[in-house]
Amino acid sequence: MITLIVGTNRPGSMTRKVARQVEEIYASLKVPLHVLDLANLPPEIFSPASYAEKPGAFRPFADAILKSSGLVVVSPEYNGGVPGVLKYFIDMLKFPESFMERPVCFVGLAAGMWGALRPIEQLQAIFGYRNAFVYPNRVFLPNIGDLLDDAGRLKDPELAERLKSQAGGFIDFVEKLKGVKLRNAR
């Protein structure tokens, strides 16, 4: 199974809208996908005591990462970097096993012209440090406010095709690295 991380907890985020399209792509490719939306993190994870002992309500999030064959991270750019909640989520996961030799790919979106290049590069550094297998084909969505229609879907079919191409390549990457069959595995 692939796990998709919605990298913000902002209500009504454009990140969630893009993640929904990514979900649909994996479904069309007949690959099981589990979504971890950081908007659903349990409030008690934000207690300083969570560094020492994770609350039980966080276990489904941590277990989803540990059980995943690969991760898709959809991240916005906040103030030139990774959203704080995404970095905090990463910090709360077990070290080193959460990302060790786990394939990961990235989709970045931003209001600006670079499409979240900075936070995706920051995430590549973090996941590289954690010894994940970073898939090299990233998708950047700049000026995101202009790219989505009123229903929250990408208007440009070429951009949707980039997401589909990334998904297909990432599935191959995960299957080869992990020795698993993802397509039609439901």
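The values are calculated or read from the model by the stated rules, or taken from the named source; none is laboratory data. Please read these numbers as outputs of a predicted model, since none were measured by experiment. As a convention, Cβ positions derive from the backbone with ideal geometry for all residues, glycine included, and neighbour counts pool all protein chains shown. When the accessible area is computed, the model is the full protein with side chains, heavy atoms only, and any ligands, DNA or RNA have been set aside. Shrake-Rupley method; radii C 1.70, N 1.55, O 1.52, S 1.80 Å.
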Under the condition of being among the small types (Gly, Ala, Ser) and more than 15 Å from LEU33 (Cα to Cα), which residue from the stretch 159-174 is most open to solvent (accessible area, probe 1.4 Å)? SER165
Within the stretch 11-27, of all residues that are touching a residue at least 40 places away in the same chain (Cβ under 8 Å) and either β-branched (Val, Ile, Thr) or open to solvent by 20 Å² or more (accessible area, probe 1.4 Å) (or both), the one farthest from ASP172 (Cα to Cα) is MET14
Residue check: is LYS155 more than 18 Å from MET14 (Cα to Cα), charged (D, E, K, R) and open to solvent by 20 Å² or more (accessible area, probe 1.4 Å)? no
